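These notes are about the structure you will find just below.
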Amino acid sequence: MVRFDVIVVGAGTAGCLAASSAAEEGLNVCLIDVKSKEDIGRKVCGDAIGKHHFDNLGLKYPSGEELERKVEGVFIYSPDRKSVFKVKGEGLHGFIVNRHLFGQRLLKKALEAGADLHDSTRVVKPLIKNGVVIGVKAKKGSQVEDLYASIVIDASGMNAVIRRNLPPELGIEKEPEKADVIACYREIRVLREQLPEPEYLRIYLNSQVAPGGYYWIFPEGENKVNVGLGVAMRKGFPNPKAQLYKYVLSQPLFEGSRVIHGGGGLVPTRRPLDRMVSDGLMLVGDVAFQVNPLHGGGIGPSMMAGRISGKVAAEALEKGDVSTEGLWRYGVEYIREYGAKQAGLDVFRMFLQKLSDEELNYGMRNKLITEEDVLNTSMGDELKLNLTEKIVRLFRNLGKIDLIMRLRKSVDLMNEIRNHYHVYPSSLTGLASWKTKALEIMERAKAI
């Protein structure tokens, strides 16, 4: 029997941080990934990470070939492109990274800490005994092997190979609603010349081009850009690659450009799972829906979750308690620290997705929400509307007073759900009543 203290399924940003954190605590860690060691880190992604995540985790900033571009802020364009928000500030300082090299750095960190890598290995399903996750069934080539551990950490991304195979009695949500998932396609392209102000990311709102999402142009090194498009997977949603080629890559900017790489994927853009642990199990990263619901960025929060899960695993094993209660602190720390922000942004996402392009144009032109509001909201701060009587009168005369009323209701619910997540229960016994209240708030948000 092959046995470890911890098995981490998936060597992405969440999995590598979980593996390195647990191994640094002296645990015997097995890190499994379906990719070869050399290919770990290759992932279709926006490639942007906030500087504050490196500061919070004590990680060195990207440098050399790993660093594609330093970021100072973002331009947000209205659907008619007549209004542009230039959002900047320390909270938006960050980096565009070479995703492969960054992933290789995190993998190296895990291996140097002592984690044992099983690459080119596919996890088939979890091993469960009497309601406790005790390991995984894994396949490498034609060889199938049962691997056992005191704790399994599922960091398998949207594949969710452990989460999707859990019995319902464990109480963990198995699938997100399709409307809460964004289908994306992006390409790395070389332009004829560098974009002006390359230290600013570009985000474009347009429900015809990217219904329920947005399209983006993120400058990378020299003349390279990461250009992509995401759409909400609502009924009848369009193909994101087709939309990108029809509406974006047909623009003069991309005439004569050259493709380096292209690919697509799925991103869960909603609040995190309300329960992220069970007996012998923790869920981290995309598998636990730990993504910013507004812009879909998930690298930073996934690394935070990985770090927390590794530390909690070590504490649980030291105490000899890997039950749900023994692992519960992971969910408490993540949800109170970052999940509350995600929940508030989830409400705001639902509000934005219901707006017409005309309403977005009106709202941005008249600054119902300012650049400073966008910055503060993106950092998880409370959104406070400062609507002057002049603006209210203008929107009433335009027949748009309903837009202001819906915005006010959404802001109130953003603050309410965030406050509710800050009091996430300290044990499983309080989860049912907490969850009932959370769902009630979200239903009110959906009804706006």
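Estimated from helical segments only, the mean residue ellipticity of the chain at 222 nm is -10000 deg cm²/dmol, where each DSSP H run of four or more residues counts as -39500 (n - 2.57). For the pair GLU325 and MET158, label points projected 7 Å from Cα toward Cβ lie 3.9 nm apart. Annotation: aspartates and glutamates with alpha-carbon distance below 12 angstrom to LYS109 (same-chain offsets under eight excluded): GLU24.
Note on the range 222-277 and the range 306-342: Cα centroid distance 33 Å, given to the nearest whole angstrom.
Measuring against 19 Å, Cα to Cα, the residue pairs LYS35/LYS140; LYS70/LYS246; LYS311/LYS437 contain LYS70/LYS246; LYS311/LYS437 as the ones spanning a longer distance. With 0.36 nm allotted per residue and the present C-alpha distance subtracted, the ARG192-HIS93 stretch has 33.0 nm of extension available. Determine Rg/Rh for the chain; Rg is computed over alpha-carbon atoms and Rh is the Kirkwood hydrodynamic estimate from the same atoms. The Rg/Rh ratio comes out at 0.97.
Pairs exceeding 21 Å between alpha-carbon atoms, taken from LYS43/LYS108; LYS341/LYS446; LYS88/LYS446; LYS125/LYS435; LYS409/LYS446: LYS88/LYS446; LYS125/LYS435. Radius of gyration over Kirkwood radius for the range 1-126, both on Cα atoms: the Rg/Rh ratio is 1.09. Percent of Cα pairs in the range 185-263 per distance bin of 10 Å, from zero to the largest separation: 20, 53, 24, 4. Residues of the range 90-120 with backbone nitrogen within less than 13 Å of a virtual label 7 Å along the Cα-to-Cβ line of SER36, please, listed as ranges. It comes to 119-120, nothing else. Using a simple spin-label model with pseudo-atoms 7 Å out from Cα toward Cβ, LYS125 and LYS139 lie 1.2 nm apart. Here LYS60 and ILE260 are evaluated by their C-beta separation; at R0 = 25 Å the FRET efficiency comes out at 0.45.
Here, each number is a calculation from the coordinates, and none is a lab measurement. Model, not experiment: these values are computed from the prediction. Please note: Cβ atoms are built from the backbone with ideal geometry, for glycine as well, and neighbour counts cover all protein chains shown.
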